[in-house]
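Down below is the structure, laid out as structure tokens.
The values are calculated or read from the model by the stated rules, or taken from the named source; none is laboratory data. Please read all numbers here as calculations on a predicted model, not as lab measurements. Glycine gets a Cβ as well: all are built from the backbone with ideal geometry, and neighbour counts include every protein chain shown. Protein only, heavy atoms only, side chains kept; ligands, DNA and RNA dropped before computing areas. Shrake-Rupley method; radii C 1.70, N 1.55, O 1.52, S 1.80 Å.
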Amino acid sequence: VAYSYGKKQDEVARIKDTSIKVKDIQNIYSELYNKLNQIMGGKLDEATAKKFGLEKQAFKEALKTAMLVQFAKDNGLYITDEELAKALIEITAFQRNGKFDKKLYKEVLKRAGIKPKDFEKSIEKESC
């Protein structure tokens, strides 16, 4: 599969009209790092992560996700706004007394340093 390097400052690469952004790779890297750190009993450091090639693995995962998203776009597959809303209200971290709470949703994402728009895009990518 051919891809081009990104032209925008925050874009690392692009597959047709699907971009791979620095933030995408950082998020995947964090997930991989946390999983490996847990396996290692909390003893993982950046030097060891580098030896394991976590940066390359994060890029490969971001590339694979972008390829799947582009494939879905090319074939008319997408998540509707209704499906996105349903996915969000089912996430227990955003619920109070068993019901979706928009204020809690925004608070949780803010504490995590994630914009709602970015979180919703990640849900869309996972759903493809």
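Every listed requirement among (1) within 17 Å of residue 120 (Cα to Cα); (2) among the hydrophobic types (A, V, I, L, M, F, W, C); (3) open to solvent by less than 50 Å² (accessible area, probe 1.4 Å) is met by residue 89 save one, (3). Of all residues in region 107-124, those satisfying the criterion of being under 23 Å from residue 72 (Cα atoms) and either hydrophobic (A, V, I, L, M, F, W, C) or open to solvent by 70 Å² or more (accessible area, probe 1.4 Å) (or both) are 117, 119, 121, 123.
Could we say that residue 69 is closer than 20 Å to residue 126 by Cα and open to solvent by 50 Å² or more (accessible area, probe 1.4 Å) here? It is false that residue 69 is closer than 20 Å to residue 126 by Cα and open to solvent by 50 Å² or more (accessible area, probe 1.4 Å). Residues that are on the phi < 0 side of the Ramachandran plot and not in a helix (DSSP H, G or I): does region 65-73 have at least one? Scanning region 65-73 turns up no residue that is on the phi < 0 side of the Ramachandran plot and not in a helix (DSSP H, G or I). Taking the criterion of being closer than 21 Å to residue 112 by Cα and either of a type in the set (A, V, I, L, M, F, W, C) or in contact (Cβ under 8 Å) with a residue 60 or more places away in the chain (or both), the residues of region 59-101 that qualify are 62, 84, 85, 87, 88, 89, 91, 93, 94, 100. Note on region 25-53: residues that are of a type in the set (Gly, Ala, Ser) and either in contact (Cβ under 8 Å) with a residue 12 or more places away in the chain or assigned to a loop (DSSP other than H, G, I, E, B) (or both) amount to 4.
Answer with yes or no whether residue 56 is more than 20 Å from the chain's Cα centre (by Cα) and either in a helix (DSSP H, G or I) or touching a residue at least 40 places away in the same chain (Cβ under 8 Å) (or both). So residue 56 does not fit the description; no.
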